[in-house]
Amino acid sequence: MKNLNFFLILATVIILTAIGISFFVGTVYSSTQAPNWTGTPLYQTYLDKMNVAVLPFAVALIVVLGICIPKRLFKDADLLKVNGLLLGITFLIAITIDAKTGIGFLFIAAALIQLVVIALTFVGSKRLSFERTGFFLQLGSALLHLGLVIFFFDFLLLADNPDHLTVFWVATLLIGLGMLFSFYSQELNHIGHREA
Amino acid sequence: MNLNSYFMARTMVINLGQPLLYFTMILSLVLVVFSLYQPLRRYSRHLNLAIFTALLSGFLLLVWFHYRIYLDLPLYNPISGVLAGRYAIPVWVEDEKLYFWTLLLSLWLLVIRDRDLYFKAAVNIGLTLFIILTTFTSNPFISPLPGFNKTIIEYSQTINAVDANGKYQLFSMAMGRMQGFYNSVYMWIHPPLLFLAYSTFVISFFAIIFMLNSHDHDLDRLAYNWAKLGYIVLTVGLLLGYPWAAEAWKGQPWWYSPKINVTLMMWVLYTAYFHSRLYLHRKGMWKTTGIIGILAFTSVIATYLSTYVLPGIHSVGG
């Protein structure tokens, strides 16, 4: 389990660095173009190329996020089964309907699991698995990841929806609170007189 | 518009601000000597306070100048003669950005403890470098708000030389710029949060350099503490910028523009740094975390410079 956690974190680091490098390459490419090139068809080609470059890493990040979230609740063989089931259904929906709906399903499932994690954190359940312990740290991590799931879901599936910005603000609030709680958990534990 | 009063205020800012910034630069050079020469090192804290006070005085001078603009340059509808609005310009636009960043860095140096003197000396040298760069590349007192000044002069010269239709067009453009940019709530919130984040990343960067060299866990903790503060502020700052960008740049090509790319690069690299740090005790992760931290800070510098040197919707230079 500890090795799985480590490899998931390592995978996250590698994927994030790869996304960073993709953005760097995009920056170099776009800054060498002629002025006002955004008004030419060349710009659309560049956008398409960037999407092609970033998409595999973004999907990989989403999949890792989808795997990371159930690991709070399930262990060993159960975790493999749950992840297998989630990814299987995602894949099935992706090939029968479309990729967006498939990833949308993964996000909804991850968000529901994360809500259960938050509820269990509040009641002080011992069955939750986190890299580090502490009420605010776990609550913060759960809120942050829930916020990220909602954020990605909003951008992927609700970009043209009238409620896009409302959902965006909900995600922003969760991400902000999540970061505050997880980064300053010790201080908050001290204020709330909770055991770390 | 009371242009005379505006020009007088502008001249005063130039006459007071320029010597003040040069004086601050001299203080910072003395700080370098005090930081490097051990018998004098314990006095460096006083110099830190003096530098912060000097930078804050300059900042207050700029605040006063912006207040004068608010009072002296009301924008009237040229057709009806009704007051349409006043310029409420944030104190971190045009050449004031690097100054604001430097001011925040000097503030943090007051709260860093003298536990690791070599580290503190390095950050002091970093601050001096920032002050020198501000003085010679982005001095807000040489020509305060040059872009705004040019626009105001052009507006006041042309508004009376055109017909009613031309007057209304010029006024509409000025009003659009005032409401959409200078007076925008976004301009008051988004940039200062980013500069607040950048200033903490500077300290984190120096701590990472020392952490890599010394394998000192205290320095890793220091790097992490400053980076996490910056990361929260950066994330919130970037997120708050999104609704504004989506509205202000509707229909314009801003996604994957160079500035957006480097900004996202900076954010993902800091995210990678925090994830990597979770397993710092694992073989190879100390160095990996440090290198990712350095790359992340390099992207902070690239993000700042991109506004000036790269073309795109965020650009002021190209």
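Tabulated values for the structure
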{"quantity": "Checking B:TRP188 against (1) open to solvent by 40 Å² or more (accessible area, probe 1.4 Å); (2) in the same structural domain as B:TYR118 (by TED's automatic domain parsing), the condition it does not meet", "calculated": "(2)"}
{"quantity": "Region A:49-77, subset open to solvent by 80 Å² or more (accessible area, probe 1.4 Å) and not aliphatic (A, V, I, L, M), residue modelled with the highest pLDDT", "calculated": "A:LYS49"}
{"quantity": "Qualifying residue in region A:88-106 (condition: open to solvent by less than 90 Å² (accessible area, probe 1.4 Å), within 14 Å of chain B (Cβ to nearest Cβ) and more than 18 Å from the chain's Cα centre (by Cα))", "calculated": "no"}
{"quantity": "Selection count where residues are loosely packed, with under 14 Cβ neighbours inside 10 Å and under 21 Å from the mean Cα position of the chain (by Cα), scope region B:65-112", "calculated": "2"}
{"quantity": "Inter-residue pairs, beta-carbon under 8 Å, first more than 14 Å from B:PHE59 (Cα to Cα) and in region B:1-29, second open to solvent by less than 40 Å² (accessible area, probe 1.4 Å) and among the acidic types (Asp, Glu), 6+ apart", "calculated": "B:MET1/B:ASP72; B:ASN2/B:ASP72; B:LEU3/B:ASP72; B:SER5/B:ASP72; B:TYR6/B:ASP72; B:ALA9/B:ASP72"}
{"quantity": "Per-region count, region B:247-291, residues more than 7 Å from chain A (Cβ to nearest Cβ), hydroxyl-bearing (Ser, Thr, Tyr) and surrounded by fewer than 22 Cβ atoms within 10 Å (Cβ to Cβ)", "calculated": "1"}
{"quantity": "Residue match in region B:229-241 (condition: touching a His at 6+ places or on another chain (Cβ under 8 Å), closer than 26 Å to A:ALA171 by Cβ and open to solvent by 50 Å² or more (accessible area, probe 1.4 Å))", "calculated": "yes"}
{"quantity": "Flag for A:PHE24 being farther than 26 Å from A:VAL117 by Cα, in a helix (DSSP H, G or I) and open to solvent by 20 Å² or more (accessible area, probe 1.4 Å)", "calculated": "yes"}
{"quantity": "Search result, residues across region A:23-55 that are closer than 16 Å to B:MET265 by Cα, within 7 Å of chain B (Cβ to nearest Cβ) and polar (S, T, N, Q)", "calculated": "A:THR27, A:SER30, A:SER31"}
{"quantity": "Region B:293-303, subset open to solvent by less than 10 Å² (accessible area, probe 1.4 Å) and in contact with a Ser or Thr (Cβ under 8 Å, 6 or more places away or on another chain), residue farthest from the other protein chains (Cβ to nearest Cβ)", "calculated": "B:GLY293"}
{"quantity": "Answer residue from region B:128-140, given it is out of contact with any Ser or Thr (no Cβ under 6 Å at 6 or more places or on another chain) and buried (at least 16 other Cβ atoms within 10 Å of the Cβ) and is farthest from B:LEU36 (Cα to Cα) among those", "calculated": "B:PRO140"}
{"quantity": "Residue in region A:67-81 that is touching a Pro at 6+ places or on another chain (Cβ under 8 Å) and assigned to a helix (DSSP H, G or I) present", "calculated": "yes"}
{"quantity": "Of the criteria (1) open to solvent by 10 Å² or more (accessible area, probe 1.4 Å); (2) in contact (Cβ under 8 Å) with a residue 40 or more places away in the chain; (3) within 12 Å of chain A (Cβ to nearest Cβ); (4) within 26 Å of B:ASP95 (Cα to Cα), which one B:TYR224 fails", "calculated": "(4)"}
{"quantity": "Where A:PHE152 falls short, out of the listed (1) within 18 Å of the chain's Cα centre (by Cα); (2) modelled with pLDDT under 80", "calculated": "(2)"}
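A quick yes/no check of all residues on (1) over 30 Å from B:GLY166 (Cα atoms); (2) of a type in the set (Phe, Trp, Tyr); (3) in a helix (DSSP H, G or I):
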residue: B:VAL63; (1), (2), (3): yes, no, yes
residue: B:TYR67; (1), (2), (3): no, yes, yes
residue: B:TYR87; (1), (2), (3): no, yes, no
residue: B:LEU98; (1), (2), (3): yes, no, yes
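The values are calculated or read from the model by the stated rules, or taken from the named source; none is laboratory data. Predicted model, so just to flag it, every value in this text is computed and none were measured. Ideal geometry is used to build each Cβ from the backbone, glycine not excepted, and the neighbour counts take in all protein chains shown. Just the protein is used for accessible areas: all its heavy atoms, side chains included, with ligands, DNA and RNA removed. Shrake-Rupley method; radii C 1.70, N 1.55, O 1.52, S 1.80 Å.
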